[in-house]
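*Asks:* Have a look at the structure that comes next, please.
The values are calculated or read from the model by the stated rules, or taken from the named source; none is laboratory data. In this text the structure is predicted, and so the values were computed from the model without any measurement. Counting neighbours? That spans all protein chains shown, and the Cβs are built from the backbone with ideal geometry, glycine included. Side chains are part of the model used for accessible areas, which takes the heavy atoms of the whole protein and leaves out ligands, DNA and RNA. Shrake-Rupley method; radii C 1.70, N 1.55, O 1.52, S 1.80 Å.
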Amino acid sequence: MTGVLSHKFTHYIPRYFPKMLIFVWNHVAVNIFENQYHDLMMNIIVFGPPGSGKGTQSVKIAGKYHLAHISTGDIFRSEIRNKTKMGNKVQSYISKGELVPDELLLDILKNAMEKHSGTRGYVFDGFPRTIHQAVSLDKLMQEKNQEITLVLALEVSGEEVVKRLLKRAQLEGRSDDNEEVIRNRLKVYHEQTEPLLTYYDEQDKLATVPGEGTIEGIFKNLCRAIEGDSAG
Ligand code: AP5
Ligand code: MG
């Protein structure tokens, strides 16, 4: 009897083996991968004064780690180019180098995050810039069962950023890249944004990285900070 049963069993194995594999894949392997995927969620803030290389390095980080890059400055500039209501509202602040009021930020940010809802994480570039924005971002993250994993602060001297932005002014003509406005952007950074360094340091999320030198060299150090951090 046992012989007959085991014969039948071995007979059916080759027939059903592919289906069994698919079953295992669907119910076990995918779950494991999804959990791993969740563990690898990374939400990074790239922080620093105007011209410190936030945009340049955020693009590289987002590319390497497959994260969605959200730059509030880029979003505002695109709204201004497209002459939208929002563009109209923010133009005067940006051209003077003042911060756009916090209440105009949250919807923009939520929309940008929704656009990339399937992402394994975000790189925030130029956001948050005030304690109020940071607290709002924390709340938003909590609603999604996520958190800010790391804040990468680029350290660049005032002289170097003025030099870089004046050079960019000749090439690209961004409306806020003239010496008077650049100096005001720096002042606003020191007064309203720099205090965030303490906010994130107290949460043990801050990594400061020298922001002067070659773009590739700085990127390597940023990756080291990211990988050191995710390695725990
Ligand atoms: P935003 O667009 O964020 O501008 P920013 O902070 O002034 O900084 P930049 O974009 O000028 O510089 P970056 O640090 O990105 O450096 P980048 O890589 O471009 O904000 C603009 C305005 O929008 C604000 O003033 C405010 O009005 C408003 N705004 C935005 N977000 C807001 C918020 N959250 N709340 C309220 N208001 C908000 O590099 C700069 C230049 O240097 C480039 O030419 C680049 O090629 C060059 N460069 C980069 N790396 C190097 C290097 N290692 N060596 C030499 N040159 C380099
Ligand atoms: Mg930028």
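*Asks:* Working out 0.36 nm times the residue gap between residue 22 and residue 208, then minus their Cα-Cα distance, what length gain in nm do you get to one decimal?
*Replies:* The residue 22-residue 208 span can extend by a further 62.3 nm.
*Asks:* For the stretch 44-114 and the stretch 166-232, what is the separation of their Cα centres, given in Å?
*Replies:* Here the two parts' Cα centres lie 14 Å apart.
*Asks:* Please give every one of the lysines within straight-line cross-link reach of residue 163, meaning a C-alpha to C-alpha distance under 27 Å, and leave out same-chain neighbours fewer than 8 residues apart.
*Replies:* Partners within reach: 54, 60, 96, 187, 220.
*Asks:* Still on this structure: When only DSSP loop residues count, what GluC sites (Glu not before Pro) in the stretch 131-232 have their Cβ near at most 14 other Cβ atoms within 10 Å?
*Replies:* The qualifying sites are 147.
*Asks:* For a quick check of your reading of the filter: which trypsin sites (Lys or Arg not before Pro) in the stretch 112-154 sit in a DSSP loop and have no more than 14 other Cβ atoms within 10 Å?
*Replies:* 144
*Asks:* Still on this structure, I have one more. Please give every one of the aspartates and glutamates within straight-line cross-link reach of residue 64, meaning a C-alpha to C-alpha distance under 14 Å, and leave out same-chain neighbours fewer than 8 residues apart.
*Replies:* Hits, sequence-local ones excluded: 216, 227.
*Asks:* Calculate, in nm to one decimal, what residue 132 and residue 190 gain on full extension: separation in residues at 0.36 nm each, minus their alpha carbon distance.
*Replies:* 19.3 nm
*Asks:* Now for a separate question. Can you give the accessible area of residue 116 in Å² (nearest 10), computed on protein heavy atoms with a 1.4 Å probe?
*Replies:* 80
*Asks:* Residue separation times 0.36 nm, minus the C-alpha to C-alpha distance between residue 84 and residue 143: what's the value?
*Replies:* Fully extending the segment from residue 84 to residue 143 adds 18.3 nm.
*Asks:* Still on this structure, I have one more. Whole-Hz ³J(HN,Hα) for each residue in the stretch 98-104, computed from phi via Karplus 6.51 cos²θ - 1.76 cosθ + 1.60 with θ = phi - 60°, x for glycine and proline: what do you get?
*Replies:* So the Karplus estimates, Gly and Pro as x, are 8, 6, 5, x, 3, 5, 8 Hz.
*Asks:* Of 149, 214, which has the most accessible area with a 1.4 Å probe, and how do the rest follow in descending order?
*Replies:* 214, 149
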